[in-house]
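The numbers here are math on the coordinates, done by the rules we state, and not lab data. These numbers were taken from a predicted model, which means no experiment stands behind them. All Cβ positions, glycine included, derive from the backbone under ideal geometry; neighbour counts span all protein chains shown.
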Amino acid sequence: MTPVSVRKGSSPIILGFPHAGTHVPPDTAADLNEAGRALADTDWHIDRLYAGLLPDITTVRANFHRYVIDANRDPAGVSLYPGQNTTTLVPLTDFDGQNIWTTPPTESAISPRLSAFHTPYHAALETEIARIRDLHGVAILFDCHSIRSRIPFLFDGTLPDFNIGTDRGKTCAPEIEQAVNDICKTASGYTCVLNGRFKGGWTTRHYGRPADNVHAIQLELAQSTYLEAEHAPWTYDPTKADALRHHLTRILTTLASLVPTAGATQ
């Protein structure tokens, strides 16, 4: 199993999938308990949801599961949301706060996992960002995520359908944030929030450098928007998904059209 899969395109948009993978090495799987082996916190079918939305687009997909090591966490282990419940670089619990290990990973286990999984994923992402910026003078990283809409351990109530994160406008040009927010806000039948509970993970915050013509934005989708139900077997609902894909296509197409403007403003 290669830790990362890359599809190279010439579009100015790069899709990142840090949580689509389900591979767990056998020695790690042996240390997971029943809750951990369920892999419930996967961004189920998120790569399928985005497939074919924009011609010739670059994708970077982590093939390993976030329980091995989370590709969207700071490699130094710094919390994304200090003072709030969240999961760590190598999670000890699932999103419901339940322990996922029979034998928890030690600190010494983290370094090999960084080298084998986290580092290759981000090396691939850095390579593609540099390549696309060389092609267009600007690159837009669109970080693709999904999560169950109700997780009391992480947030109160029901999550909006579209959760846009730009670290309060720091990771992309204003017109990029506004374009995504406008499309999501006007999508009939869906709810939306900008920089709510999810303000952009480490990937978005790390790569989003508008002054260097690299823009990053995260979209966290409620899984109720495209799954039959938010529990196992996590079945993809083509009817729901097709309706959602219409809006995702609008977002990506609009962002691609903004590239000359985004580059010119920096």
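Using only C-alpha atoms and all pairs of different ones, pull out the Kirkwood radius for the chain in Å with one decimal.
With all distinct Cα pairs of the chain included, I get 18.6 Å.
Between helix 238-264 and the chain, what is the angle of the helix's C-alpha long axis to the longest principal axis, kept within 0 to 90° and rounded to the nearest 10?
60
Stretch Asp182-Thr239 to full length: gain in nm at 0.36 nm per residue minus the Cα-Cα span? Mind dumping the intermediate values first?
On the way: separation 57, 0.36 × 57 = 20.52 nm, distance 2.36 nm.
Extending this stretch completely gives an extra 18.2 nm.
Per the Kirkwood treatment, what hydrodynamic radius in Å, one decimal, follows for the range 112-266 from the mean inverse distance over all distinct Cα pairs?
Evaluated over the range 112-266, this radius sits at 16.4 Å.
For the chain, give the magnitude of the charge dipole about the Cα centre (Cβ charges: +1 Lys/Arg, -1 Asp/Glu; no others), in debye to the nearest 20.
440
Work out, step by step, the length gained on full extension between Asp74 and Ala229: first 0.36 nm times the residue separation, then minus their alpha carbon distance; give nm to one decimal.
Full extension from Asp74 to Ala229 adds 52.7 nm.
So what is the calculated 222 nm ellipticity per residue for the chain, using -39500 (n - 2.57) for each DSSP H run with n of 4 or more, over all residues, to the nearest 500 deg cm²/dmol? Spell out each step's value before the answer.
Values: 8 runs with 83 residues, N = 266.
Value at 222 nm, helices only: -9500 deg cm²/dmol.
What aspartates and glutamates does Lys8 reach when the alpha-carbon gap must be under 18 Å and sequence neighbours fewer than 8 apart in one chain are set aside?
The qualifying aspartates and glutamates are Asp47, Asp56, Glu126, Glu128, Asp134, Asp143.
Between Asn99 and Thr254, what is the label-to-label distance in nm when each label sits 7 Å out along the Cα-to-Cβ direction?
A separation of 4.7 nm, rounded to one decimal place.
Return the distance in nm (one decimal) between the two label points of a simple spin-label model at Asp56 and His246, each offset 7 Å from Cα along Cα→Cβ.
2.8
Taking the number of other C-beta atoms within 10 Å as the exposure measure, put Trp234, Trp44 in order starting with the fewest.
The fewest-first ordering by Cβ neighbours comes to Trp234, Trp44.
Test of understanding: extend the Cα→C-beta vector of Asp212 to 7 Å, then name every residue of the range 133-172 with backbone N under 14 Å from that spot.
Within reach of a label on Asp212, which here means backbone N under 14 Å from a point 7 Å along Cα→Cβ, the range 133-172 contributes 133-134, 138-141, 171-172.
Helix 174-185 versus the longest principal axis of the chain: what angle, 0 to 90°, nearest 10, using Cα atoms?
Value to nearest ten degrees: 70.
Points 7 angstrom from Cα along the Cβ direction at Thr106 and Arg150: gap in nanometres?
4.2
What does the convex hull of the Cα atoms of the range 1-145 come to per residue, in Å³, rounded to a whole number?
115
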